[in-house]
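Everything on this sheet refers to the single structure shown next.
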Amino acid sequence: MARKPDLRLAMTFSVRHYELELDYKPHAARLAGRAVLTAVAPKPLPGFELSLGPFRINKVLVNRKPVRYTHSNGKLRIRGAVRGEFTVEVHYVGTPRPVRTMYWGELGWDQLADGSIVASQPFGAPSWFPCNDVVSDKATYRITVVAPSPYTVVCNGVLADGRIGGSTTTWVYSATEPMATYLASVQIGQYVEVAPRVFAPQRLRRLAAHDFARQPRMIEVFEDLFGPYPFDQYSVVITDDDLEVPVEAQALSTFGANHVDGRRGFERLVAHELAHQWFGNSVGIADWQHIWLNEGFACYAEWLWSEASGGPTATVMAARARDMLSRLPQDIVIGDPAMRDWFDDRVYKRGALTLHALRGALGDDSFFALLREWTSRHRHGTATTEDFLALAGHRDLLTPWLFAAKLP
């Protein structure tokens, strides 16, 4: 099978740090932004481009000097010559609009009934800031948001500063571990903190506190199985609106009001999003063809939490999943799926089955030692399916699971 190029090697420049300053007016849905990107171009470039939605551009500077640019069809094309480390500063204003996609609807910054949400996977980041929107190009972030004082703002990383000034509050978050653009997030709403770093509308306070009460124990279980939690903290937001699915971000997950019921009926999703902090966020993917490394691992973590918390064992869950998959079309190669299939549930379930098969071959001690080695070796970096095969071995077992359409 011909291998696709590794985008880590194909990039003409990479971003090391994003400094984002945002002023948001929820009722007017108006965003004014200043973004300063610190980037590196290994070879001289006469210009470069960033991805950015349909904002009005007020100014673009490269190394603090004004430059010429064009902005159309979601691309900001900048004509400043660069080499080595450089900065680009973009001032923009407008109404953030989600990015329309062929397979997944609208992605990125979107309005809630009262506030806003960011759900960018995989290509929604340009809906709210100029970026090098390549999944393998991870950078650190500092995100400053000015919003009306009744609103709570939750972003990736740690709250580094907060200032109340008249009718507005300034929130400053620092994310010091490298992060892919699709994982950058801003959640704005009238929330209260119902448990440490768990935010919800007042009306959902009791239900949310109950449904997320076992999350600290879940972290302990996953640390034992996967290795140390890879970030400084973990935050959860429950919106006042219903959401189709929870929203993945780095060190932050967002759930809809429909995902809390006071009975922990959606706890598997709590486990799934938490597991992404190890698989997908800390250990990122070098390209989207490797998406099973994110979703298969997070799905398997659901089964592991079920097993650890007194529910059905992973073996029982695997048998149910295999029975379900056997009755569906077997036309997806999860190790290299077509774009339309990246987030197909068959990729998730078959990825989890792949790991369960490997666990059966290795035994628990060796299998979980392998997972801990995987998260340690690629911590805050990116990886490929080939990287996993090189570490895990057992290619005769894993290759049919990953690269044949028919279920083994």
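Readers should treat all values here as calculations from the given coordinates under stated rules, not as data from a laboratory. If you're wondering where the values come from, they're calculated on a predicted model, not measured in any experiment. Cβ placement follows ideal geometry from the backbone for every residue including glycine, while neighbour counts extend to all protein chains displayed.
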Review point. From the square roots a ≥ b ≥ c of the eigenvalues of the alpha-carbon gyration tensor of the range 191-277, which class results: rounded (a/c under 1.5), prolate (a/b over b/c), or oblate?
Key: prolate
Review point. In whole angstrom, how far apart do the alpha carbon centroids of the range 305-342 and the range 388-402 sit?
Key: 17 Å
Revision key, fill the gap. Heads up, the chain by the C-alpha gyration tensor (a ≥ b ≥ c square roots of eigenvalues; a/c under 1.5 rounded, else a/b over b/c prolate, else oblate) looks oblate
Practice item. Take every Cα pair under 8 Å in the chain that's 6+ residues apart, average their separations, divide by the length, and report that relative contact order as a whole percent. Key: 12 percent
Check your understanding: Of Gly84, Pro400, Thr70, which is farthest on the positive side of the dipole of the chain, counting Cα position, with +1 on Lys and Arg Cβ, -1 on Asp and Glu Cβ, and the Cα centre as origin?
Key -> Thr70
Check your understanding: Where is the GNM fluctuation largest for the chain (alpha-carbon springs, 10 angstrom cutoff): Lys138, Lys75, Lys349?
Key -> Lys75
**Study point:** Packing-based exposure ordering (other Cβ within 10 Å, fewest first) of Tyr151, Tyr141
**Key:** Tyr151, Tyr141
Review point. What is the magnitude of the charge dipole of the range 191-277 about its Cα centre, with +1 placed on the Cβ of each Lys and Arg, -1 on the Cβ of each Asp and Glu, and no other charges, expressed in debye to the nearest 20?
Key: 360 debye
Exercise for review: First check a/c for the range 181-227, with a ≥ b ≥ c the square roots of the eigenvalues of its C-alpha gyration tensor; if it is under 1.5, answer rounded, and if not, answer prolate when a/b is larger than b/c or oblate otherwise.
Suggested key: oblate
**Study point:** Net charge dipole size for the range 285-403 [Lys, Arg +1 and Asp, Glu -1 on Cβ; Debye, nearest 20]
**Key:** 160 debye
Exercise for review: With a length cut of 20 Å (Cα positions projected on each helix's long axis) and a Kyte-Doolittle mean of at least -0.5, go through the chain and give me the DSSP H helices that pass.
Suggested key: 292-308, 345-362
Review point. Just how large is the dipole of the range 12-181 about the Cα centre, in debye to the nearest 20, putting +1 at every Lys and Arg Cβ and -1 at every Asp and Glu Cβ?
Key: 720 debye
